[in-house]
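Presented below is the structure to which this report refers.
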Amino acid sequence: KLPAFKQWYQRRVAITAGGDVDPIRDTETIFEELRLKDIEYLEKQIEKVHKVVARMGDKDKAAKLEYETMIKCRDLLKEGKDARKCKWANKEIEALNKHLLLTSKPVIYLINMSIKDYIKKKNKWLIKIKQYLDEADPGAIMIPFSGALEQRLLDEPEEAKQFLEENKTQSNLDKIIVTGFKALGLQYFFTVGTDEVRAWTIPRKTKAPQAAGKIHTDMERGFVKAEVYKYTDIKELGNETAVKNAGRYKMEGKNYEVQDGDIINIKFNVTTEKKK
């Protein structure tokens, strides 16, 4: 999955036909275009799968389910409903997942403000946007930020850092990244060597052997156990020995679900078959 990031800002690159700035109207237009694109895609897929269903009938239950689910989704899209907002049975979700519909993707709303407005935490659109989202997309994640400020932090890090301190504000880039990962159902775990620390990206609820497989397939195949402690533990206690002495260094088996921020040392054993 990929998140659909929607930005609202007053200084816009593209001006609509009306010439005025209306981020709510523009957002509705964008989502309508996404729905139309999904409808166009589904129409083609429905036609393809219909041939299979017509030929196989009830013999191919998977094709029949996919066909019926795509028709249901297309009709909901025509009613102005995004796929991600509709209720689906587990079997329908499985049928739709392989199609990667644009309106099924998670959405994070980024409100891109001027540096001045971001520092003041005020903008004439903020309240209107919040009211719109409460009605159109309840529970939606909305993050204000300033693209101009983030660029300044990249171009002039020392001066920008002083600017942040003087204005009692901070970058929201880390929050955007963390929120994006959560929206995608992703997380990190770390491996620590003598000369490097590596971060590995995995889906949430990944078991230890499959996480080990991200490093090397042999580690998954010959997985024995995982030595695990938390990044927060090493940050608090300072070193691995202190973590062990505090009883926070754990031995986990094949059923352990890796948690975000785990530091893991994989123990594995792979024997090579002798050639005859």
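The values are calculated or read from the model by the stated rules, or taken from the named source; none is laboratory data. All figures in this text were calculated on a predicted structure; none of them were measured in a lab. Counting neighbours? That spans all protein chains shown, and the Cβs are built from the backbone with ideal geometry, glycine included. Keep in mind that these areas ignore ligands, DNA and RNA; they rest on the heavy atoms of the full protein, side chains included. Shrake-Rupley method; radii C 1.70, N 1.55, O 1.52, S 1.80 Å.
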The condition from (1) open to solvent by less than 100 Å² (accessible area, probe 1.4 Å); (2) free of Cβ contacts under 8 Å to residues at least 24 places away in the same chain; (3) of a type in the set (Asp, Glu) that Glu158 misses is numbered (1)
Can you confirm whether Ala160 is of a type in the set (A, V, I, L, M, F, W, C) and at pLDDT 90 or above? no
Note to self: Given the condition of a type in the set (D, E, K, R), surrounded by 13 or more Cβ atoms within 10 Å (Cβ to Cβ) and modelled with pLDDT of 95 or more, answer yes or no: does some residue in segment 198-210 qualify?
What the structure shows: yes
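Mind telling me which of the residues Phe190, Phe163 ends up being among the aromatic types (Phe, Trp, Tyr) and in contact (Cβ under 8 Å) with a residue 12 or more places away in the chain?
Phe190
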Log entry, pairs with first residue in segment 98-127 being more than 22 Å from Cys73 (Cα to Cα), second being of a type in the set (D, E, K, R) and open to solvent by less than 50 Å² (accessible area, probe 1.4 Å), beta carbons closer than 7 Å, six or more apart or on different chains, reads Tyr109/Lys6; Leu110/Lys6; Asn123/Asp117
Going through segment 235-253 in order, the residues found to be crowded, with 16+ Cβ neighbours inside 10 Å, hydrophobic (A, V, I, L, M, F, W, C) and under 23 Å from Phe268 (Cβ atoms) are Val243
Would a scan of segment 79-94 turn up a residue that is closer than 18 Å to Lys105 by Cα, open to solvent by less than 40 Å² (accessible area, probe 1.4 Å), part of a helix (DSSP H, G or I) and modelled with pLDDT of 90 or more? yes
Condition set open to solvent by 50 Å² or more (accessible area, probe 1.4 Å) and outside any loop (DSSP other than H, G, I, E, B), scope segment 105-127, selection nearest to Arg25 (Cα to Cα): answer is Ile127
Margin query: Against the definition (over 20 Å from the mean Cα position of the chain (by Cα), surrounded by fewer than 17 Cβ atoms within 10 Å (Cβ to Cβ) and part of a loop (DSSP other than H, G, I, E, B)), how does Thr232 come out, yes or no?
Written below: no
- Is it true that Arg204 is closer than 30 Å to Lys267 by Cβ, among the charged types (D, E, K, R) and touching a residue at least 40 places away in the same chain (Cβ under 8 Å)? yes
Residues of segment 3-28 being modelled with pLDDT of 75 or more and either closer than 17 Å to Arg84 by Cα or open to solvent by 70 Å² or more (accessible area, probe 1.4 Å) (or both), in sequence order, are Arg25, Thr27, Glu28
